[in-house]
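The values are calculated or read from the model by the stated rules, or taken from the named source; none is laboratory data. These figures come from a predicted structure and were not determined experimentally. Please note: Cβ atoms are built from the backbone with ideal geometry, for glycine as well, and neighbour counts cover all protein chains shown.
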Amino acid sequence: MKHKNIVILTGAGISAESGIDTFRAAGGLWEKHPVEQVATPEGYAKDPELVHNFYNMRRAALKTVAPNPAHEALGRLETGLAEKGGMLTLVTQNVDDLHERGGSKAVIHMHGMLTSMLCGVCEHRWPYFEDAKADMSCPSCYVQNTCRPDIVWFGEMPYQMETIEAALAACDLFVSIGTSGAVYPAAGFVQMARALDKDTLELNLDPSQGSHHFHESRHGPASRLVPEWVDEVLK
């Protein structure tokens, strides 16, 4: 195998084919709901009930969708690489749980998860799958009115950046799947990988804003491109 240690970044494009609404595309969630209202600490402080309702709808929508062949192929890749002595580090900008449901066991959710809540006082996190309300109490510190969606909002630092940077330094190949190339710091991962002399590959429906940074770009639906590429890696 040419590439045994692979870092993959996934974005909205991989889940869009499962029916998950994107945020930035035409008609996406940011056109329907201003960022400032539902995706900033200031918006939450101003109207926590509005913010909870927004994420309650997103969380409920997860129950109506299923992983697609791209998610399932990445689950297969994780297992196949491990069997061959390799390693996959799967990093996603998505806040859904489709990678896990598609068979991936170790996923870094750098922007958080819809199925998790966070206490703003003690920073306790816990799985959560139902509708949330502003007056909820934290199950750890029991303080009321402090529970927020475990989502990285604008102006906040993405999760596990040190782990991601270490994985990029150790990998043979960096792959970007279904990303716009517009959201930093994730949009800068390809430049970081190139600076470290790693091979780079983009799999995207259309050329992203950062396509020119990749050694190779393949364009088309993720549900077709990803399984085809995984078969190449594992053969």
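In the stretch 199-235, what residues are among the charged types (D, E, K, R) and over 24 Å from Ala169 (Cβ atoms)?
Asp206, Arg218, Arg224, Glu228, Asp231, Glu232, Lys235
All but one of (1) touching a strand residue (DSSP E or B) at 6+ places or on another chain (Cβ under 8 Å); (2) touching a residue at least 24 places away in the same chain (Cβ under 8 Å) hold for Arg101, so report the exception by its number.
Arg101 satisfies all of (1) touching a strand residue (DSSP E or B) at 6+ places or on another chain (Cβ under 8 Å); (2) touching a residue at least 24 places away in the same chain (Cβ under 8 Å) except (1).
Do you know which residues across the stretch 76-128 are among the aliphatic types (A, V, I, L, M) and under 13 Å from Val7 (Cα atoms)?
Within the stretch 76-128, Leu77, Leu81, Met87, Leu88, Leu90, Val91, Ala106, Val107, Ile108 qualify.
Looking at Leu201, Leu205, Leu196, which is the one that is within 25 Å of Leu74 (Cβ to Cβ) and in contact with a Ser or Thr (Cβ under 9 Å, 6 or more places away or on another chain)?
Answer to the selection: Leu201.
Which of (1) in a loop (DSSP other than H, G, I, E, B); (2) free of Cβ contacts under 8 Å to residues at least 24 places away in the same chain is the odd one out, the single condition Ala82 does not satisfy?
Just one mismatch for Ala82, condition (1).
Gly75 is checked against (1) assigned to a helix (DSSP H, G or I); (2) touching a residue at least 40 places away in the same chain (Cβ under 8 Å); (3) buried (at least 18 other Cβ atoms within 10 Å of the Cβ) and fails just one. What number does that condition carry?
Unmet for Gly75, out of (1) assigned to a helix (DSSP H, G or I); (2) touching a residue at least 40 places away in the same chain (Cβ under 8 Å); (3) buried (at least 18 other Cβ atoms within 10 Å of the Cβ): (2).
Does the stretch 11-23 include one or more residues that are in a strand (DSSP E or B), at pLDDT 95 or above and closer than 24 Å to Glu165 by Cβ?
Scanning the stretch 11-23 turns up no residue that is in a strand (DSSP E or B), at pLDDT 95 or above and closer than 24 Å to Glu165 by Cβ.
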